Amino acid sequence: MDGTVLHYDDTTKTGIIRNDSGDRFDFASADWKSSGNPRAGDKVDFVASDKVANEIFVIKSAVQLNIGNVTDKLTGFQSSDAGQKISALFTHGLHNKLGFFATLAVLMSLFFSVVEVPLFGSVSLIAGATGKLMFVLLVVLAVSFYGGATKLYTRVLAGVVLALLFFQYYTMISDLIDLFRYGRVGRNTPNLFALFQFGALINIIASVVLFVAAFFRAYRSNEQSL
């Protein structure tokens, strides 16, 4: 008889199986003939006797069922319209070289030191929640440029990234001004711009190129993508 494990208590070593007709059967771990412990959701074959299940063997484990469900869902999504459009971003080659490589340059520059403050150390743009968010958005933007995503999507992403970068620099400069105001940067620093490192220059140049690529350069879109 076929059924499904509804419950198993590892403390008492007992459980309940329900067959396809809805009848329930108690069982003990001694009647479990397959390897491993019973799991709720396991599909089993068993011998029924007076509402007790004996000689229980697993047909398909709950783990296998879950993996199968995930695989089915992924397959279904890939065959859907949205899945095909996302897949098209990776399968039709590089569409916008300038935007793609500028995005990668901005992304890598997040890890460079942009400011070196005496007594406080160096600061990079990747630090903090805003930096992590920019990293994720830049990865998505790079994919958008690569696959030729719709111009609107790409420009919105680029605009959000550039706005976050502006916010990062605005916050950084405000903090540096406060440090100068209270004399915490040392006497040998003439002005706050002397604190900025080469990483800031790379980031700013890459951001300008990204802005030009997203908003002024001719855009080659992929009609099959998002």
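Order of 47-56, 148-157 by packing, highest average Cβ count within 10 Å first?
Ranking, from highest mean packing down: 148-157, 47-56.
Hey, quick one: spin label on Thr130, modelled 7 Å out along Cα-Cβ, who in region 140-167 has an amide N within reach, i.e. under 11 Å?
163-167
Taking 0.36 nm per residue of separation and subtracting the Cα-Cα distance, what length does fully extending Thr11 through Ala28 add?
Values: separation 17, 0.36 × 17 = 6.12 nm, distance 1.13 nm.
Once the chain is fully extended between Thr11 and Ala28, it gains 5.0 nm.
Distances longer than 21 Å among the Cα atoms of region 85-169: what percent of all pairs is that?
Working: 1189 of 3570 pairs.
I get 33 percent for the Cα pairs in region 85-169 exceeding 21 Å.
The numbers here are math on the coordinates, done by the rules we state, and not lab data. None of these values were measured; they are calculated from a predicted model. Cβ: placed from backbone, ideal geometry, glycine included. Neighbour counts: every protein chain shown.
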